[in-house]
Amino acid sequence: MEQSSIEHSTHLGLKNNLSILGEKQNSLLESIFTNIGWKSKLLVIIAFLIFETILAQIKFFLPDNPVPVTMQTFGVLMMGSVLGWRLGLITIFSYVFLGIMGAPIFQSGNGGFSYFFGATGGYIVGFFLAVPIIGFLSQRGWIRSKALWAMLIGNIAIYIPAVIWLSIGMSFFDFSWPKSDQLLSQAVYPYIIGDLLKMVFAALITGLLWQVVDSRKLK
């Protein structure tokens, strides 16, 4: 009897964990284009690479801060939410790889090893982590009203490697930014409001796209 109760409790625990994530489902892209093949997916990857490159050039500077606010994060949020974790990972890997190899696709037309290993490299590493995280959560039911939470977790995944990267860089590589006693106040806090707005915007767009999918199912 006792063993049966333990097994029952374990089963309930696993069921609850699964209910938090939900069952695996198609990405938003695959839900809109149900018969999409790999040739079409390749075109989508190229389109998102162009999209992300353009967004990286949209920027403005905050007072007393040499690193601009860009729309790159918005592209990262859309990449994960629309493409899902697998195709999203391929896309963001391609973007980061091309940038490191010298293609001028990062903000302000930057690229190459020297730029990647500079002060903003940790954010780029964060992009690489955020896309599959958001994509995975999206394909586990974190869409529509839950999409904002998936994006929030994705944004945290950007900030964590960025802060670690900057901490190491200031200690061992003499990064000129941020100042040693202003890591969070210069490299994190100024960007939070903008990132929240980008999350809301991305969640609204993906929510509208999911409504299109839902309306098709009702017909």
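Quick notes on this structure:
- Here residue 145 meets each of (1) at pLDDT below 95; (2) surrounded by 14 or more Cβ atoms within 10 Å (Cβ to Cβ) with one exception, condition (2).
- For the stretch 168-194, filtered to residues that are closer than 14 Å to residue 66 by Cα and without any contact (Cβ under 8 Å) to a residue 12 or more places away in the chain, the residue that is nearest to the chain's Cα centre (by Cα) is 185.
- All positions within the stretch 130-144 that are within 19 Å of residue 32 (Cβ to Cβ) and among the small types (Gly, Ala, Ser): 135, 138, 141
- Among the numbered conditions (1) modelled with pLDDT under 95; (2) more than 30 Å from residue 212 (Cα to Cα), the only one that residue 160 does not meet is (1).
- The C-beta contact set for the stretch 51-68 (first residue on the phi > 0 side of the Ramachandran plot and surrounded by 18 or more Cβ atoms within 10 Å (Cβ to Cβ), second residue at pLDDT 95 or above and not in a helix (DSSP H, G or I), distance under 6 angstrom, 6+ apart or interchain) is empty.
- Residue within the stretch 103-115 that is in contact (Cβ under 8 Å) with a residue 60 or more places away in the chain and at negative phi present: no
- Criterion (small (Gly, Ala, Ser), crowded, with 24+ Cβ neighbours inside 10 Å and on the phi < 0 side of the Ramachandran plot) met by exactly one of 118, 88: 88
- Test: residue 81 is in contact (Cβ under 8 Å) with a residue 60 or more places away in the chain and surrounded by 14 or more Cβ atoms within 10 Å (Cβ to Cβ): yes
- One residue from 62, 43 being farther than 17 Å from residue 126 by Cα and not in a helix (DSSP H, G or I): 62
- Residue in the stretch 23-32 that is part of a loop (DSSP other than H, G, I, E, B), within 14 Å of residue 90 (Cβ to Cβ) and polar (S, T, N, Q) present: yes
The values are calculated or read from the model by the stated rules, or taken from the named source; none is laboratory data. Since the structure is predicted, the reported quantities are computational estimates derived from the model, not experimental observations. Quick reminder, even Gly has a Cβ in these numbers, built from the backbone with ideal geometry, and neighbours come from all protein chains shown.
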